[in-house]
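Accompanying notes for the structure given below.
The values are calculated or read from the model by the stated rules, or taken from the named source; none is laboratory data. This one's a predicted model, so the numbers in the text were calculated from it and none came from an experiment. Cβ coordinates were reconstructed from backbone atoms using ideal geometry, including for glycine residues, and neighbour counts include every protein chain displayed.
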Amino acid sequence: MARRPLAAPPSRKGPRINSDIEASRVLLITEDGEKKGEVSIVDALNAARAAGLDLVEVAPDPKLPVVKILDYGKVRFENQKKKAASKKRQKTQEVKEIKMRPNIDTHDYDVKGRAIRKFLERGDKVKVTIRFRGREMAHMDRGVDLLNRVKEDFDEIMKVEFQPKTEGRMMTMVIAPK
């Protein structure tokens, strides 16, 4: 039975801390931001232990890495909070679809219009679809008139992203908020 080759060791994410720092001499910055200069790694680790904090490599350099004394757990927690906050602020834009028929009644059109307005105000794109059945295919101009009416009614809050086009029995137009 053939053996599988050993996998490479997992790579570490983030900076090296405490005993993971391999250099023999480092540039030390204290927790107050004071530059101590070039010291041995043993002295830097002792200074970090005395302060009750971690020694973190902030600028890896093969010749003389820069290390700082700080609370690494607190720094990681702050970074996670920043990431979560930036993710929360992101707005994903969805494409909502409104389906109509060419002989739509005024009340039905008003209901669909309120939905379109709500979607546009929320920042979503809206795909307006008009579906033709049977003999309605002979009156494609009614679909164009209906889409033009939508354009006129919502002109102040939307822009047309895709002009009306016909695909088989469907006529579609995509609108987006201004």
### Message
Anything in the range 94-120 that is in contact (Cβ under 8 Å) with a residue 24 or more places away in the chain and assigned to a loop (DSSP other than H, G, I, E, B)? List them, or say none.
### Response
Glu94, Arg101, Pro102, Asn103, Ile104
## Note on the structure
Given the conditions (1) at pLDDT 90 or above; (2) assigned by TED's automatic domain parsing to the domain that holds Met158, every one holds for Gly123 apart from (1)
### Message
Can you pull out every residue in the range 12-57 that is exposed (fewer than 13 other Cβ atoms within 10 Å of the Cβ) and within 23 Å of Asn79 (Cβ to Cβ)?
### Response
Arg12, Lys13, Gly14, Ser19, Asp20, Asp32, Gly33, Gly52
### Query
So which residues in the range 107-143 are over 15 Å from Ile175 (Cα atoms) and hydrophobic (A, V, I, L, M, F, W, C)?
Val111, Phe132, Met137, Ala138, Met140
### 2 or more residues under 13 Å from Arg101 (Cβ atoms): qualifying strands (runs of 3 or more DSSP E) within the range 121-178
125-131, 170-177
### Message
Of the conditions (1) under 30 Å from Asp20 (Cβ atoms); (2) in the same structural domain as Arg135 (by TED's automatic domain parsing); (3) among the hydroxyl-bearing types (Ser, Thr, Tyr), Ser86 satisfies every one except a single condition; which number is it?
### Response
(2)
#### Entry: Which numbered condition Thr92 fails, given (1) modelled with pLDDT under 85; (2) under 29 Å from Asp20 (Cβ atoms); (3) of a type in the set (Ser, Thr, Tyr)
(2)
#### Entry: Hits in the range 91-142 (condition: at positive phi and more than 25 Å from the chain's Cα centre (by Cα))
Gly134
### Query
For Lys127, which of the numbered conditions (1) surrounded by fewer than 11 Cβ atoms within 10 Å (Cβ to Cβ); (2) over 30 Å from Leu28 (Cβ atoms) fails to hold?
(1)
### Query
Exactly one of (1) more than 30 Å from Glu22 (Cβ to Cβ); (2) buried (at least 16 other Cβ atoms within 10 Å of the Cβ); (3) touching a helix residue (DSSP H, G or I) at 6+ places or on another chain (Cβ under 9 Å) is unmet by Tyr72. Its number?
(1)
